[in-house]
Amino acid sequence: MKKYKAAQSETSQSRRKFLTLIGAGSAAAMSLSTSTLAAASEKSSARRLVSTDKTDELIFMSTVKLSEMIRTKKVSSVELTQAYIDRIEDVNYHLNAVVMQCFDRAMDEAKAADAALRKKQYMGPLHGIPMTLKDSFEAEGVISTGGTLGRIDFVGKKDATVLARMRENGAILLGKTNTPEFTLAGGGMRGVRTTGNIIYGLSKNPYDLKRGTSGSSGGAGSIIAAGGAAFDIGTDWGGSVRLPSSTNGIAGIKPTSVRCPRTGHIVDYGGVFDSWQQPGPMARRVEDLILLTPLMSGPDGRDAAVVPMPWPDPALIDMKGLKVAYYPSNLIAETAEETQNTVRQAAKWMEEAGAEVMEDMPLDIFTELGEIRRELVAGDAWAFLKRAGDLHGSNTLSESIQNRLDSGSPISADRYSELLTLQDKNRTKMLQWFQQYDVILCPTTATPAEEIDQGLGNEWTSSKPGASYCGPYNTTGWPVTVVRCDTNGTLPIGVQCVAHPWREDVSLAVAQYLESRSGGWRRPMI
């Protein structure tokens, strides 16, 4: 049954309590109280994750599986780091995903990690595990350009908070992955649909080198899919973790807004669009997102918006009885039939697991949210991008950004203020509509990976295929996990699993279940 409608009145529905598994299969109600979440967070932190990954090739194993293998000395960090370096050197010529490497330092740190383990000194669950990092994050001692010419030789002075937290838990940085200029400018030139910039060029999809990676964490999506690192950290302002996760067939999460600090990111915290931006991990398996996200989370004393919210355990969520809304198309973007069928299949799997499934979406709210978002982002005639260029000494901006700066005139202060009010009203409408459901399943983008060459006159703009699917959940700030769910064809298709604020446990649990049905990530041809 379909029901596309507006938000319900605030009094017409009450928040449904989630059924959770406690102990040996008994069920209890779980409310969104801080005390309940704190208890769940404490249980989660005390529980060692057990990998379900059956992969037998080292470079393609999950982070969780590798963590246990290193801890129990079944593999050394040196062996693992060298394997990833070899893989990057094998495939990166084709992909152009890793744009700055620090291999010598990584090998030194791997040797130190192995030596520490021999002395029974264990840094944490990422001890000796190699990672890559989106180039928009600062990394101490490593060139960190953010894709802009003004930082072409900028060497990071301090690790971004999320990187520092990974390294404190033992992770080893292999290098930086490609991103558009300021994470917002696509390929930087007309007719291009992939991650790229005028410093490093264009990244390619490991499933088809003629196709794009999406963006802006496109280098991350490409190299993780190809087995060049255990995981990466991206950022998501309008789908920039979710889109490349879908296009490259991996798993990624945009956590609830202000769960993770933006400190050390080229587009950091503060300003009108503060709540839209979140860092999030990207990996081949959902179990890795469950491991990594809480390690990244919590205040750092710099990003003042971040909330010290406890982390509930996805293992306590039962699919049976969850109320699921799904929509194969939002009736806004022209959505490929194969994408729609993938979402329908995911909804069927949830139904088979005992969930209550309904095809539904708040079409009028989506439409209005999109209109508000488009007008807001260009409302100052892209002056915020000019300020970013000035801040980082980028006198020569990419064609894509320059075109935006030249394209419009600012709206009035009255209209700008009105748009912010309308945005908040629509957030409330979305919350009211969502009261009747626990999770939403929908496309991440309208099509699988597009061809890189779109022809002159076609630019990377806010009308890109994923904008209407991803943007609303940046505006609301809700947590969203993307997992590969297609079962046919060679190009990956990821489904978004959207949950209520602070309920990453629900989003991740659903994504992990869908991964168990679809198989999730599959090795690309490269």
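Some points to look at:
- Whichever residue in segment 238-260 is over 20 Å from ALA449 (Cβ atoms) and open to solvent by 10 Å² or more (accessible area, probe 1.4 Å) and, among such residues, is farthest from the chain's Cα centre (by Cα): VAL258
- Subset of segment 497-511 [in contact (Cβ under 8 Å) with a residue 60 or more places away in the chain, open to solvent by less than 10 Å² (accessible area, probe 1.4 Å), under 14 Å from THR256 (Cα atoms) and not basic (Lys, Arg)]: ALA499, HIS500, GLU504, ASP505, VAL506, SER507, LEU508
- Residues considered: ILE85, ILE129. Of these, the only one that is out of contact with any Leu (no Cβ under 6 Å at 6 or more places or on another chain) and β-branched (Val, Ile, Thr) is ILE85.
- Single residue of segment 162-208 satisfying the filter (aliphatic (A, V, I, L, M) and farther than 18 Å from ILE233 by Cα) that is surrounded by the fewest Cβ atoms within 10 Å (Cβ to Cβ): MET189
- Residues located in segment 56-75, provided they are open to solvent by less than 30 Å² (accessible area, probe 1.4 Å) and outside any helix (DSSP H, G or I): MET61, SER62, VAL75
- Residue match in segment 446-467 (condition: under 16 Å from the mean Cα position of the chain (by Cα), closer than 29 Å to ALA283 by Cα and not in a loop (DSSP other than H, G, I, E, B)): yes
- Identity of the residue in segment 178-235, of a type in the set (D, E, K, R) and either in a helix (DSSP H, G or I) or within 17 Å of the chain's Cα centre (by Cα) (or both), that ends up nearest to GLY494 (Cα to Cα): ASP232
- Only one entry in THR335, THR342 is of a type in the set (Ser, Thr, Tyr) and crowded, with 24+ Cβ neighbours inside 10 Å, namely THR342.
- Annotation note: Cβ proximity below 7 Å between a residue of segment 73-89 that is among the aromatic types (Phe, Trp, Tyr) and a residue that is modelled with pLDDT of 95 or more (sequence gap 6+ or interchain) occurs for TYR84/ILE59; TYR84/PRO130; TYR84/LEU174; TYR84/GLY228; TYR84/ALA229.
- Single residue of LEU431, LEU397, LEU419 found to be touching a residue at least 12 places away in the same chain (Cβ under 8 Å), open to solvent by less than 40 Å² (accessible area, probe 1.4 Å) and assigned to a helix (DSSP H, G or I): LEU419
Every residue, every condition in (1) open to solvent by 10 Å² or more (accessible area, probe 1.4 Å); (2) closer than 25 Å to GLY170 by Cβ; (3) touching a strand residue (DSSP E or B) at 6+ places or on another chain (Cβ under 7 Å); (4) in a strand (DSSP E or B), yes or no:
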| site | (1), (2), (3), (4) |
| --- | --- |
| ARG262 | no, yes, yes, no |
| SER275 | yes, no, no, no |
| PRO281 | no, yes, yes, yes |
| ASP288 | no, yes, yes, no |
| LEU292 | no, yes, yes, no |
| VAL306 | yes, yes, no, no |
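- Lone qualifier among TRP433, TRP382 - being aromatic (Phe, Trp, Tyr) and under 30 Å from GLY520 (Cβ atoms): TRP433
- Residues of segment 76-131 classified as part of a loop (DSSP other than H, G, I, E, B), over 26 Å from the mean Cα position of the chain (by Cα) and buried (at least 16 other Cβ atoms within 10 Å of the Cβ), total: 1
- Here the condition is being aliphatic (A, V, I, L, M) and closer than 24 Å to THR161 by Cβ; of LEU291, LEU322, it holds for LEU291 alone.
The values are calculated or read from the model by the stated rules, or taken from the named source; none is laboratory data. None of these values were measured; they are calculated from a predicted model. Please note: Cβ atoms are built from the backbone with ideal geometry, for glycine as well, and neighbour counts cover all protein chains shown. Accessible surface areas use protein heavy atoms only, side chains included; no ligands, DNA or RNA. Shrake-Rupley method; radii C 1.70, N 1.55, O 1.52, S 1.80 Å.
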